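J.: Would you mind keeping the following structure in view while I ask a few things?
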Amino acid sequence: MKESKKDQTGQSRRDFIKNAAIASSFFIVPRHVLGGVGFISPSDQLNLAAIGAGGKGASDIFNASVNGRERVVALCDVDFSGSAKRSVENFPNAKLYADYREMLEKEKDIDAVTISTPDHVHGPAAKFAMERGKHVYVQKPMTHNIREARMLTEMARTQEVVTQMGNQGGSNPLLKLVQQWIDEDRIGAVSKVQVWTNRPVWPQGGAFPAAAPGEKPDALQWDLWLGPAPEIPFTPNLHPFNWRGWWDYGTGALGDVGCHLIDIPFRTLGLHYPTDAECSVGSVFSKMWTADYHPEGCPASSFITLHFAATAKSKSPIEMTWSDGGIRPSHPDIIPANDDIGGANSANGVLIIGEKGIISTNINDSSPLMPKLYLNDGTVEIGPQTEEGMEPEYGHQRLWVDACKAGFGSKEHQGLTSSFDYAGPMTETVLMGNLAIRSYMLRRENSKGQMEFFGRRKLLWDGENMRITNLEEANQFVGRTYRPGFEV
């Protein structure tokens, strides 16, 4: 049975926080007289917790605390001996947990959580928290698979919780310049978008590392790190970062930066679910004539093509291509040969190509967006190439906290750039690329005793029903199986 959101007085704590400012107007003595200048009443603070307190999780929970304006009451991590020590030092009064389920069952006063774990735990942890009425901030990609993204998007509405995905560049104010160029029809009808990255920058494309149970660090809770993934002995070189290249835990280059890069055209062009997906991947040959085959992991490089129906902003059908592993598009003729495309050294970027010109941007994480407009008539407009005086991560976590305090459906909530209403469909689009990659690697023995790759085709996608309509075997990658206790 779903836990009640109301306490014994019939008023939820979040309603109390929301209404505290109204009630305080009836006090005769000003609050700053009672508590000093800058004093924040405990009832006005949000009780925050982190699920994943190291690495990116350390900055997520620190930024969410807004320099101590909010109260961090608990930290959860499977290994407090590593980078999570930074969060312990920042929040010495927070209670420490290894299991987010135990933390959320015991710490009833938690209002909101940041979730900054490996990708495979995003969905289970967010579901567990939202079922208990907690607001959630979830690192990108929002989930490990498409089915989870759809479920969490719908759950956020039914549970009436405030959500935000951690693609902080969505809150970059310079993105409004790109949106303005699109809305003013500066480049005309858009027919093509090209997106690329230098990722992976971690080991990827080879054989899965060998297990070594005797090497497990004492501080690491390995079973909890595995979470929903199949149980295996401790395997070095997965925790804390190199899990990204293995499908049981990570989502490869697309999962790492797809929600930063694809966000730009998806947002500014008003895109929705793609209609199809097609891919090819780079082959590695350790011996003559036989490509290495490691379907348990992401490839060293890939090239994805997605198609989208016309929208109010894009006006015509759009083809989007994605390439990773350092493969980038050719330099457009209207961009001077000595200019970078995308970001510095053309390592990552987006080209939005219209009938009258091209918009070029960098990756949209915390790197400079570097927006540039090139028109066929020779006009060039260069936006800011550096970003001065920006709030940490463009205030992405702080804006979410403010929306949590204002409440579900508030103008602050509606103003979030990556609530699940937006981030869910965008994440599904990113993960469609991975569905295509995994389908590309499907093989079976044919009547001649040869291995036949039967998934190497354009996959037709019914977005509303989350189904590939022309290759049933591909639908296994829409979701996943879960170990008991971590189901979504």
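J.: How many residues are among the aromatic types (F, W, Y) and either crowded, with 20+ Cβ neighbours inside 10 Å or touching a residue at least 24 places away in the same chain (Cβ under 8 Å) (or both) when one looks only at segment 415-473?
T.: Looking only at that region, the number is 4.
J.: For segment 261-284, which residues satisfy the criterion of being assigned to a helix (DSSP H, G or I) and in contact with a strand residue (DSSP E or B) (Cβ under 6 Å, 6 or more places away or on another chain)?
T.: L261, I264, P265
J.: Considering only residues that are of a type in the set (D, E, K, R) and within 18 Å of the chain's Cα centre (by Cα), look in segment 261-277 and name the one that is surrounded by the most Cβ atoms within 10 Å (Cβ to Cβ).
T.: D263
J.: Okay, next question. Just the residues that are more than 21 Å from K313 (Cβ to Cβ) and part of a loop (DSSP other than H, G, I, E, B), please, taken from segment 153-186.
T.: Passing the criteria: E160, V161, V162.
J.: Which one of the conditions (1) without any contact (Cβ under 8 Å) to a residue 40 or more places away in the chain; (2) not assigned by TED's automatic domain parsing to the domain that holds P425 does T235 fail to meet, given that it meets all the rest?
T.: With (1) without any contact (Cβ under 8 Å) to a residue 40 or more places away in the chain; (2) not assigned by TED's automatic domain parsing to the domain that holds P425 applied to T235, the lone miss is (2).
Every residue, every condition in (1) within 21 Å of the chain's Cα centre (by Cα); (2) within 21 Å of P173 (Cβ to Cβ); (3) among the aromatic types (F, W, Y), yes or no:
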| position | (1), (2), (3) |
| --- | --- |
| L306 | yes, no, no |
| D324 | yes, no, no |
| S330 | no, no, no |
| I334 | no, no, no |
| A337 | no, no, no |
| G349 | yes, yes, no |
| I358 | no, no, no |
| K372 | no, yes, no |
| D377 | no, no, no |
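J.: Next question. Can you name every residue in segment 73-130 that is within 18 Å of the chain's Cα centre (by Cα) and of a type in the set (S, T, N, Q)?
T.: If the condition is that a residue be within 18 Å of the chain's Cα centre (by Cα) and of a type in the set (S, T, N, Q), then T114, S116, T117 are the ones that fit.
J.: Given the condition outside any strand (DSSP E or B), within 20 Å of P371 (Cβ to Cβ) and in contact (Cβ under 8 Å) with a residue 24 or more places away in the chain, answer yes or no: does some residue in segment 302-313 qualify?
T.: Looking through segment 302-313, at least one residue is outside any strand (DSSP E or B), within 20 Å of P371 (Cβ to Cβ) and in contact (Cβ under 8 Å) with a residue 24 or more places away in the chain.
J.: Show the residue pairs meeting these rules: Cβ distance below 6 Å; 6+ apart or different chains; first residue within segment 137-155 and not assigned by TED's automatic domain parsing to the domain that holds H272; second residue crowded, with 21+ Cβ neighbours inside 10 Å and in a strand (DSSP E or B).
T.: Hits for this filter: Y137/T114; Y137/Q164; V138/I115; V138/M165; Q139/G166; K140/M165; K140/G166; M142/M165.
Listed here are the residues, each with its yes/no results for (1) crowded, with 22+ Cβ neighbours inside 10 Å; (2) modelled with pLDDT of 95 or more; (3) part of a loop (DSSP other than H, G, I, E, B).
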position	(1), (2), (3)
G188	no, yes, yes
V195	yes, yes, no
P200	yes, yes, yes
A211	no, yes, yes
L220	no, yes, yes
F234	no, yes, yes
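J.: Of a type in the set (D, E) and out of contact with any Gly (no Cβ under 9 Å at 6 or more places or on another chain), is that true of D99?
T.: For D99, the condition - of a type in the set (D, E) and out of contact with any Gly (no Cβ under 9 Å at 6 or more places or on another chain) - is met.
The values are calculated or read from the model by the stated rules, or taken from the named source; none is laboratory data. Owing to the predicted nature of the structure, the values given are computational and were not obtained by experimental measurement. Here Cβ is always computed from backbone atoms with ideal geometry, including for glycine, and neighbour counts include all displayed protein chains.
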